[in-house]
Every structure is written in structure tokens, then in C-alpha cells.
Amino acid sequence: MAITITFHDNLRKLLPPRFRGLEKVHHLLNRDASIKDVIESFRVPHTEIRQLKVNDREVSFIYKVQDEDQIDVHPLRPPFDVFHPTLLRPVPLDNYRFIVDVNVARLAIFLRMLGFDTVYHNRLTDPDIAKIAQQQKRILLSKDRNLLKRKKVEFGYLVREAEPLQQFFEVVRLFDIKGQDILPFSRCMKCNGLLHPVPKEKILSRLEPLTKKYYNTFHLCDKCDQIYWPGTHREKMEKLVKEIKNIN
Ligand SMILES: [Zn+2]
């Protein structure tokens with residue numbers, strides 16, 4: 001089988017170096033394969049694809065490639081609306097929920113800081129992560145292409161930026177996260193548990209003298225018992241919230 005694949009826009013950067021400069025990739029195939037497998041053999045995880053066309057007709061990931069197919073692969077682009085069905089992702093999400101891989105772990109802290117339910121454990125295996133993403137309808141954020149290629153991962157994104165804060169803005173932009181989507185100070189940055197207001201007198205014995213002196217409002221994590229108060233975290237967070245509003 002001889003097929004032609006056009007990787008559009010920034011997808012070309014993901015290809016093995018010898019294909020990056022090509023307008024179209026001519027490819028010989030000596031086996032039956034799904035379009036997902038063929039495209040992923042060029043190092044492009046299916047999570048990065050917004051739309052697939054064969055001979056100008058839209059197809060899904062299970063399409064079996066035929067001789068002389070002209071394939072167009074279009075990348076995700078902002079705003080990536082995860083709340084409406086598409087041919088590639090027929091069951092949309094009902095909320096922003098994330099799971100992050102160890103290679104973008106600090107992203108979890110930023111997401112939780114703004115109230116997003118974000119799973120991260122450094123001991124999860126790749127199969128575990130894919131399974132959780134599928135079962136709990138979570139968006140997988142990772143730099144590991146092999147993990148993103150897993151079939152169970154329906155919603156995911158290959159994070160390109162290197163710095164955690166820039167990664168965070170990359171995610172905010174792509175998924176079109178707006179000021180009204182965020183709920184600062186509602187979730188524990190350490191464990192993803194929910195925070196609840198707690199009267200100062202209940203936790204007085206656990207506070208450092210200066211915290212005791214200067215702060216009066218406190219939140220407690222219902223999972224790991226961590227205490228939060230409006231100290232440095234809040235300043236950092238308010239700056240983030242402002243920047244998110246600037247992006248939108
Ligand atoms: Zn916690």
C-alpha cells in the first residue's frame with residue numbers, strides 16, 4: 001500500500017528529523033493498520049490530533065488505511081473545546097479534570113492552586129495513569145509520547161514548554177480556561193483534597209507564633225490535614241489569576 005500523509009502546522013515538529021521538512025510524507029505500508037497506528041509510527045500521539053481526513057472525508061482513529069489514501073492530520077489548537085463531541089472524541093468531558101505525569105509534576109501544583117481536580121502520584125505506572133485517565137474522564141498532561149499513545153487516553157496533551165509556569169499557561173490557553181472556571185483556595189496543593197474553612201481556635205496549637213499573630217482565616221485539607229492561610233501562596237495565586245484573565 002502506498003499512502004500520502006500531510007501533517008499540518010506544528011505537528012511536523014514532532015516527526016522524526018528526516019520528515020520534518022517535507023510538505024507530504026509518502027509512505028509504504030505492507031500490513032493492515034488503523035490510521036491511529038500509522039500516524040503514531042511517526043511519533044505523533046493521537047491525543048495531539050484535532051481532525052483526521054482521508055481523501056477529504058473525516059474519519060475516526062479506527063479507520064483502516066487503504067491503498068492510495070491521501071491523509072490529512074490536523075493538530076489541536078486553542079481553543080480546544082473538550083465539552084462538545086467530535087468524531088475523534090465522541091464522548092465529551094463534563095468538567096476540567098486532569099492527571100499529570102511525573103515529567104510535568106509541578107504543573108499539578110499550579111492546577112490545584114486554582115481549584116482544578118488534578119491527580120498526581122510519582123509511583124503510578126503508565127498503565128495505571130492511562131486507566132485512571134479513562135475511568136475518571138481526566139485530561140492527561142505529559143511529555144511522554146508513548147504514554148499519550150495509549151488507546152485508553154482519550155483526552156491528553158503533549159506539553160511542549162519546559163518551565164512549569166509556562167506549561168501552566170500553555171494548558172490554560174489550549175483548553176481555553178477562563179476566570180470563571182477557577183476556584184482559588186479550594187483544593188490542597190499537596191494532595192488534591194478539598195479545603196474547608198476552619199476556626200482558628202481549633203488549630204491554634206498547630207500554628208507557628210507569627211502565623212498565630214498575623215492571620216485569622218484558615219483552611220484545612222480534608223484529606224491530609226494540611227493547614228492553609230493567606231500568606232505567600234495567596235499573593236502568588238492572585239498574580240496567576242490576574243495573568244489568566246489577561247490571556248483571555
Ligand atoms: Zn491535602
- Message: Considering only the range 61-79, I want to know if a residue exists there that is without any contact (Cβ under 8 Å) to a residue 60 or more places away in the chain, assigned to a loop (DSSP other than H, G, I, E, B) and surrounded by fewer than 16 Cβ atoms within 10 Å (Cβ to Cβ).
- Response: yes
- Any idea how many residues of the range 213-228 are open to solvent by less than 80 Å² (accessible area, probe 1.4 Å) and touching a residue at least 12 places away in the same chain (Cβ under 8 Å)? 9
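So that you can scan it fast, the table gives a plain yes or no per residue for (1) open to solvent by less than 50 Å² (accessible area, probe 1.4 Å); (2) part of a loop (DSSP other than H, G, I, E, B):
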residue	(1), (2)
Arg112	yes, no
Gly115	yes, yes
Gln134	no, no
Leu141	yes, no
Gln166	no, no
- For the range 117-132, which residues satisfy the criterion of being among the hydroxyl-bearing types (Ser, Thr, Tyr) and crowded, with 21+ Cβ neighbours inside 10 Å? Thr118, Tyr120
- Query: Among the residues of the range 201-211, how many are in contact (Cβ under 8 Å) with a residue 12 or more places away in the chain and open to solvent by less than 100 Å² (accessible area, probe 1.4 Å)?
  - Reply: 3
- Collect the residues in the range 80-102 that are outside any loop (DSSP other than H, G, I, E, B) and of a type outside the set (Val, Ile, Thr), keeping them in residue-number order. Arg97, Phe98
- Given (1) surrounded by fewer than 12 Cβ atoms within 10 Å (Cβ to Cβ); (2) out of contact with any helix residue (DSSP H, G or I) (no Cβ under 9 Å at 6 or more places or on another chain), Asn146 misses just (2)
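The values are calculated or read from the model by the stated rules, or taken from the named source; none is laboratory data. Just so it is clear, the structure is predicted and the values come from calculations on it, not from any experiment. Quick reminder, even Gly has a Cβ in these numbers, built from the backbone with ideal geometry, and neighbours come from all protein chains shown. Surface accessibility is based on the protein's heavy atoms, side chains included, excluding ligands, DNA and RNA. Shrake-Rupley method; radii C 1.70, N 1.55, O 1.52, S 1.80 Å.
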